[in-house]
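Working notes, structure below.
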Amino acid sequence: MPISRRDFLSSTLAGSAALGLSMDALAQNAQGEQSKRASKLPILVCSEFSYNWIDEGHKLLAGGADTLDAALQVIKGPEDDPNYQNVGLGGRPNEEGVVELDACCMHGPTRTAGSVGGVRNIKNVSLLSNTVRLHTGHVMLVGEGAERFAVAQGFVRENLLTDKSRKDWLLWKETHSDWWGPGIASPDWRKRFRAPAHAEEWNDRIQRMEEIAATIGIAPEDRLEAIRSVIYPPTGTTHCSALNEKGEMSGCTTTSGLAWKIAGRLGDSPIIGAGCYTDQDVGSAGAIGSGEENIKVAGAHTIVENMRRGMSPLEAGMDAIKRIVRNHNGDKERLQFVDMVYYILRKDGAYAGVSLWEGYSADHHHMLAVHDGTKRLEKTVNLFEGPSQDWPPVQFGS
Ligand code: GLY
């Protein structure tokens, strides 16, 4: 199949030209942008993946429901929907083909928290994290213990692996099953992460994978996305923070975690202070994206503490993003393997969505979903121009 080169090489190989970029220069992208403010309360902010359910959450809040119950309603939506491969039912499995889910929540008014990690067979782990908060003296349960606790509390065991996610996993098994080895923080990182140097090499790889995808039975219209998920395993997640007229706040986050992860791997989503953090005195923040990177900067906690010290939601989020960039010395060649989006809501109704990159691909921009009486999607403020990885990396048929 003939191909033409795309400018992906400029965002990968030539990206190393950015190595000398100073942190001040990196901060320029956010200049001039301001945090926004709710036109009226209550308000919910969440990831774009929960947009379809934000109405339900707002209706609950407007009717006087608890802030955490409203936020949970918003992130439970995609957990129940088998078409969302980032969370709950239909989530992408681990390297053994088993779906393992993580979630956490914080309830501002009572200053309580709950969390679950590596949970199998239970779809609504966001609700389960809240059950840990309400019905135990603990904050965090993981693995088999969390699953048994769920069943004891009335949650129903079910098979979470859909046919679509199973076939995508098979494609990964047959073509890329290679987690073992150095991560991007290692000096040896290139031993595992090597993007093809030439468009022809990309084309060969994608063509080979398309053939295998066909034998696995992946529908033609789903093949390119399946291949992408194999080459660049997604860490999609969803988060929601809520604030009511009384100034009460809560937040929650849920995920199936990094696709094809090693069994037992936990990302940032179940970590109070990384995937989600709410302080009734200050605000609430949550994250989606590369869990390993967010854990190292305790992203959500960092953001809330930044706001406590007087930063706006936008400044607070950008500071957390820049800490991630600092951890890789601004090396865009490594950072192209990192995605990070923060959703931030301050106690006075000011809010922001910030991201490391513009989006996942040239035709996608990270979005913040907001409902303050008016439901909308707003672009995040990104530190780096362009997508983390342009996709598809080659143009077909030209
Ligand atoms: N942010 C989701 C994960 O890395 O697991």
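Where the convex hull is taken over the Cα atoms of the range 280-398, what is its projected area averaged over directions, in nm²?
Its Cα hull, projected and averaged over all orientations, spans 8.6 nm².
Work out how much length V139 to T110 would gain on full extension: take 0.36 nm times their residue separation and subtract the Cα-Cα distance, in nm to one decimal.
Residue separation times 0.36 nm, minus the Cα-Cα distance, leaves 9.1 nm.
What Kirkwood hydrodynamic radius do you get for the range 328-398 when you take the inverse of the mean 1/r over all pairs of distinct Cα atoms, in Å?
Value: 13.7 Å, from the Cα pair sum.
Counting other beta carbons within 10 Å of each Cβ, put V142, V45, V282 in order, fewest first.
V142, V282, V45
Regarding the range 236-312, what are the three Cα extents along the principal axes, ordered largest first, in Å?
Largest first, the range 236-312 extends 42, 23, 16 Å along its Cα principal axes.
Kirkwood Rh and Cα-based Rg: tell me the resulting Rg over Rh for the range 64-121, rounded to two decimals.
1.05
Percent of alpha carbon pairs in the range 165-269 separated by more than 16 Å?
68
To the nearest 20 Debye, how big is the dipole of the range 59-162 about its Cα centre, given +1 on the beta carbon of each Lys and Arg and -1 on that of each Asp and Glu?
300
In debye to the nearest 20, how big a dipole does the chain give about its Cα centre with +1 on each Lys and Arg Cβ and -1 on each Asp and Glu Cβ?
Value, rounded to 20: 540 debye.
At q = 0.20 Å⁻¹, what base-10 log of I(q)/I(0) does the Debye formula yield for the range 118-199 when every alpha carbon is treated as an equal point scatterer in vacuo?
Debye intensities relative to I(0), on a log10 scale: -0.90.
Looking at the chain, identify the longest residue range that excludes and avoids all trypsin sites (Lys or Arg not before Pro) in DSSP loops having at most 11 other Cβ atoms within 10 Å.
The reported range is 310-398.
Taking every pair of Cα atoms in the chain, average 1/r, invert it to obtain the Kirkwood radius, and report Rg/Rh to two decimals.
Over the Cα atoms of the chain, Rg/Rh equals 0.96.
Test of understanding: ordering L44, L383, L72 by Cβ neighbours within 10 Å, fewest first, what list do you get?
Least to most surrounded, the residues fall as L383, L72, L44.
Relative contact order for the chain using alpha-carbon pairs under 8 Å, separation at least 6, rounded to a whole percent?
Relative contact order here is 25 percent.
Give the longest segment of the chain that steers clear of GluC sites (Glu not before Pro) in DSSP loops with at most 16 neighbouring Cβ atoms within 10 Å, not counting the sites themselves.
The segment 246-384 is the longest one with no such site.
Please state the charge dipole magnitude for the range 198-301, taken about the Cα centre, from unit charges on C-beta atoms (+1 on K and R, -1 on D and E), reported in debye and rounded to the nearest 20.
Dipole about the Cα centre, nearest 20: 260 debye.
Just so you know, all these numbers are worked out from the coordinates, no wet-lab data involved. Values in this document were obtained by computation on a predicted structure and should not be read as measured data. Reconstructed Cβ throughout: ideal geometry from the backbone, glycine too, with neighbour counts over all protein chains shown.
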